[in-house]
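Take a look at the structure below.
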Amino acid sequence: MRPEVQSELTPFLHTVAHASQAVLLLDYDGTLAPFHARRDQAYPYPGAALILQDIIRNGRTRVVVISGRDAPDVLPLLNIHPCPEVWGVHGLQRLRTDGSLEMPHLDERTLDGLSDADRWLGYQQLRHTAEFKAGSIAVHWRGLSEIEVEDLCARVMLGWRPIAQHSGLDLLEFDGGVEIRASHADKGDAVRAFLSEISPDAPAAYLGDDATDESAFRAMEGRGISVLVRPKWRQTAAQLWLQPPDELLDFLGLWLKMCTQYDTFDSGAAAAVNG
Ligand SMILES: [Mg+2]
């Protein structure tokens, strides 16, 4: 890890070491896992899942994945036990560690808009590019050439823009595609909702890579640290920047070390917080 990053992290990690409970919030694609043209094969960076599993097993950190994917899709890719809590579709869904899944309540106007958006893709013969999720449809163009992306984007947006306007849906561009979705929540709302359930003294971190993570970075202000995980730096609201995979693994390794090094500290409070 670059020394300047480590020195910025040290005071925060010190609070993690001495807290009875800490919170680690992570995006999945692009943050824990490198992008893959086949989304069902986007496995975590080698070593990352194992450290995360050890952090959960240590019992002092509440680990939560906040992803744009449908929440149940994340767990088989991450493949760790016990599994973390997962918020899916940018916070619309919540999959708890006991397996219960909270789905968004969608009104009729939203559902009509989503089925119009689906019909538009069918009319354009583009349904094969789409991922259908609870309250959302995402078109993916990772792996296509620049010209193909331009063409695909133009064809999708030609129909989706008026549908979004008419139905009150959000259009959300992300790294590798565009999404039309119920406008109830973004990752910032998910972070605020989650943190409202946690003691304000619990040190918290959010790690993400995408434009959709910016609202979550802002939600961390005054509440913990926000970390951009990305091979190249870009303009961001995040306080720190880590280059994956090495600095990500260093970060997770340091987190685990802090939790285990001080394991004897207040062992009574170290009951499993992930349950
Ligand atoms: Mg991401």
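A short reminder: the numbers here are calculations on the coordinates, not readings from a lab. These numbers were taken from a predicted model, which means no experiment stands behind them. So basically every Cβ, Gly included, is an ideal-geometry build from the backbone, and we count neighbours across all protein chains shown.
Once the convex hull of all Cα atoms in segment 108-181 is built, its volume per residue stands at 73 Å³. DSSP assigns beta bridges within the chain; of those with both partners inside it, close to 50 percent run antiparallel. Modelled this way, with points 7 Å down the Cα-to-C-beta line, the labels at ASP201 and THR10 are 2.5 nm from one another. Of all complete DSSP H helices in the chain, not one has a Cα span along the helix axis of 20 Å or greater and a mean Kyte-Doolittle hydropathy of 0.5 or more. The charge dipole of the chain, taken about its Cα centre with unit charges on the Cβ of Lys, Arg, Asp and Glu (plus for the first two, minus for the last two), comes to roughly 220 debye.
Stokes-Einstein, applied to the Kirkwood radius of the chain over Cα pairs at a viscosity of 1.306 mPa s and 10 °C, places its translational diffusion at 82 µm² s⁻¹. Values of log10 I(q)/I(0) for segment 179-249 across q = 0.12, 0.23, 0.27 Å⁻¹ run -0.33, -1.00, -1.18, by the Debye formula with one identical scatterer at each alpha carbon and no solvent. Semi-axes of the equivalent ellipsoid for segment 37-138, computed as √(5λ) from the eigenvalues of its C-alpha gyration tensor and ordered from largest down, come to 31, 17, 8 Å.
Normalised Debye scattering of segment 1-49 at q = 0.27 Å⁻¹ gives log10 I(q)/I(0) of -0.98, counting only Cα atoms as equal scatterers and leaving out solvent.
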